[in-house]
Amino acid sequence: MNREMIRLTVNGDPYELLASPRQTLLDVIRGPLGLTGTKEGCTTGSCGVCTVHNASGEAVLSCLTPALEWDGEAVTTIEGLETSGRLDEIQQAFIDHHAVQCGFCTPGVIMSARAVLNEHPSPQMDQINDGMSGVICRCTGHIKVREAIRAVGSKLDRRV
């Protein structure tokens, strides 16, 4: 199988690894890099479970993205949100607002929520709904997820 060397920065750490044209970013993250927080759900881009961020903090469906296209790029996974042993404020808000259910889709939901907040630091409900529209959690009606996002947005709004 044809494999090419790619350079990838994941959660601030540089990596060089071989990737084949058939490998997705998700395959590389979970396989050679061993970062299993990012989950594999539908493999069709329909559920959002595999969501990671590009260098701009935008949501990316890693199950649809060929790894070779990420040569020289940076990606952040759920493991990269925690800084110096402290949870990102959206991670903490999920705990505080009981937005975590079974936990399988939680990393992707959190990464999508963080992307919403990156784009709209004090989001309105329609912005939250739009940003979370590609995320499916079978355990919750997303009410607590929206509450967590709004809570972080309210904190950010007070800081300005």
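Details
- Of the residues examined, GLN91 is not one that is farther than 30 Å from ARG7 by Cα and free of Cβ contacts under 8 Å to residues at least 24 places away in the same chain.
- Taking the range 126-139 as the range and being within 24 Å of GLU40 (Cα to Cα) and either surrounded by 16 or more Cβ atoms within 10 Å (Cβ to Cβ) or modelled with pLDDT of 85 or more (or both) as the test, the residues that pass are ILE128, ASN129, ASP130, GLY131, MET132, SER133, GLY134, VAL135, ILE136, CYS137.
- Residue in the range 50-57 that is assigned to a loop (DSSP other than H, G, I, E, B), under 12 Å from the mean Cα position of the chain (by Cα), polar (S, T, N, Q) and surrounded by fewer than 20 Cβ atoms within 10 Å (Cβ to Cβ) present: yes
- Some residue of the range 58-68 being more than 14 Å from ARG114 (Cβ to Cβ), among the charged types (D, E, K, R) and outside the structural domain of ASN129 (by TED's automatic domain parsing): no
- Residue, surrounded by the most Cβ atoms within 10 Å (Cβ to Cβ), within the range 1-20, restricted to residues that are in contact with a strand residue (DSSP E or B) (Cβ under 7 Å, 6 or more places away or on another chain) and outside any strand (DSSP E or B): ASN11
- Flag for ALA151 being touching an Asp or Glu at 6+ places or on another chain (Cβ under 8 Å) and either in the same structural domain as GLY37 (by TED's automatic domain parsing) or surrounded by 15 or more Cβ atoms within 10 Å (Cβ to Cβ) (or both): yes
The values are calculated or read from the model by the stated rules, or taken from the named source; none is laboratory data. Given the structure is predicted, the values throughout are model-derived calculations rather than measurements. Cβ: placed from backbone, ideal geometry, glycine included. Neighbour counts: every protein chain shown.
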